[in-house]
Amino acid sequence: MATESREGASSLAKMMTDKLLNELKASVAQCARAATFACGGSFPIQDQASQDPKHPSVRPIQIRYDNGEHGQLVTLPTNGIDSPAFQQLLRVCTPASFGRGGEEVMYEEYRKASKLGPEDFLTSFCPYEAGIIDIISQLLLPNATHEKDKRSVRAELYKLNVYSSPCGRFKAHVDTPRSDAQFASLVVALPVAHEGGELVVRSAGKQLVFDWSTATDPISSTLKFAAFYSDCEHEVLEVTSGHRVTLTYNLYVTRGNGHLAGIPSGLDPTQLPIYDTLKNIFDVPSCFPKGGMLGIWLTHSYAHTNGEMNFLPSSLKGADMMFYETAIALGLQCSVQPILCYSMYADDDDVEYAQPTRQGFATQQGFDEYVHSEGCVYGNDEDYMNVISEWSEENIRMDSVTWLNEKRAELAEPALAYAVFGNDPSVKTEYSYAVLLIDIPPSHERAGNYALAYHLRRPLTPMRRSRMRWPKSGKRGGVYQIRVLAIPLPFG
Ligand SMILES: O=C(O)CCC(=O)C(=O)O
Ligand SMILES: [Fe+2]
């Protein structure tokens, strides 16, 4: 009888845990879907720019350039497309290339546009002054509230581009990041009459269309903009009439004091959509009574294998930042870690389908330095396992973590390179994924933690190292300068 009631209680606890975990998984999926990956807006153009926050406007935009003999000035929209100054601007622009496989190529089927580089022109337009950088900071770069060093956005003017009819276009692509600190791109559409040329931005199966055609605004007295994360695919559809003239900016995350962009961090983590769902797990003592580990595969790509530039967790974006903030607000220890999913026993799907964007850095550095400094190479399975295990301080098993979402193969980053010598000598690369691991304390340690934690804005529970040890960074004397936690993929 006693045994029966114990079994009954434990299956009830399991049902409860499953129910709460399913709610949490649905919430994680929902947050990732709803998370912002792009934003945009517009400003009327007036001779006197308005500082009124409810009705902001910008002044006409001046572009100064050199026609080879004299300095020239175009003011938009004042100088229409028939004006000599605008026509000359079109003539001094040169055909725009795009990057493919590490090379700059010209191929009009793919991209038909012309450009001026930032050394070839000056503009009076300033995205900071217009308030655009403030908007981007708030929507695309929320700060972690407990971090001392706040993050800011640095916008760097990249190009003036002209997409003209007929056939002006840029087919679907992902921008090449100019550095590991680049997290997004900004496009500002100048007031020049055109039709077509919509900018389509896609992320995780969702898409946003920014239609800046001036068909409904013939005098085109509006300035429009869009910003999107660097890992978003985007394209410029064909321009069907006129000229679509844009300024593009690369957006970098920098350390700032939180006020550079004029945005005090107004984020209240208890209002985040996932807060209540995660909190439910803690309120129920039968959920993870002895504690546990929750894992979330991060939903954006980060330069997480670059020890110097990754700025994690500060550079977390969108839904990832939301999960991190929520865990911290609940007083939980959590950590962003690279996880090396090595593929010795599993099939190589993850590696084959991965499309890493920063292959050069980690591969070259890892390989060269390993061979030179250690003077040895590895070729058989046993040695391969040695490399992997030397890299990780402690292997944890995948099944010791309760995963709340699926990993996306395209978010893998190259983490480890090594030489294989034999009949067919080659260099192999292993990839890692960035994950957020959240440590759940046993139920008797949980009560009341979150209220105090939210107040203090820092985790209260110490990380229980007996269960999981975090690799130290730069363990291999700076040879790799990246931290790796190796987890064997489950068989099959
Ligand atoms: O002009 C645009 O809207 C986007 C251009 C673009 O994708 C690029 O310059 O990489
Ligand atoms: Fe682009």
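We did not get these values from a lab; they are worked out from the coordinates using the rules stated. The model shown is predicted, which means the values in this text are computed figures rather than measured ones. All Cβ positions, glycine included, derive from the backbone under ideal geometry; neighbour counts span all protein chains shown.
Couple of notes before you dig in:
- Placing a pseudo-label 7 Å from each Cα along the Cα-to-Cβ vector at Asp120 and Asn67 gives an inter-label distance of 1.6 nm.
- Look at the alpha carbon pairs under 8 Å that are at least 6 residues apart: their mean separation over the length of region 38-256 gives a relative contact order of 26 percent.
- The alpha carbon convex hull volume per residue for region 38-256 rounds to 141 Å³.
- Here Ser221 and Ala29 are evaluated by their C-beta separation; at R0 = 51 Å the FRET efficiency comes out at 0.75.
- Each of the peptides 127-134, 285-292 was scored by the mean count of other Cβ atoms within 10 Å over its residues; in descending order, highest first, they stand as 127-134, 285-292.
- Lysine pairs with alpha-carbon atoms under 22 Å apart, region 38-256, spacing 8 or more or separate chains: 12
- At R0 = 51 Å, FRET efficiency that the Cβ-Cβ distance of Gln46 and His444 yields, to 0.05: 0.20
- Each residue in Met321, Met16, Met106 was given a count of other beta-carbon atoms within 10 angstrom of its own, and listing them fewest first yields Met106, Met16, Met321.
- Charge sum, other residues only, whose C-beta stays under 15 Å from Cys287's C-beta, Lys/Arg counted +1 and Asp/Glu -1: 0
- Taking amide H as placed 1.01 Å from N in the peptide plane, the amide H of Ala184 sits under 5 Å from that of Ser230, Leu251, each at least 5 places away or on another chain.
- Note on Asp320, Asp47: ascending count of other Cβ atoms within 10 Å places them as Asp47, Asp320, the fewest first.
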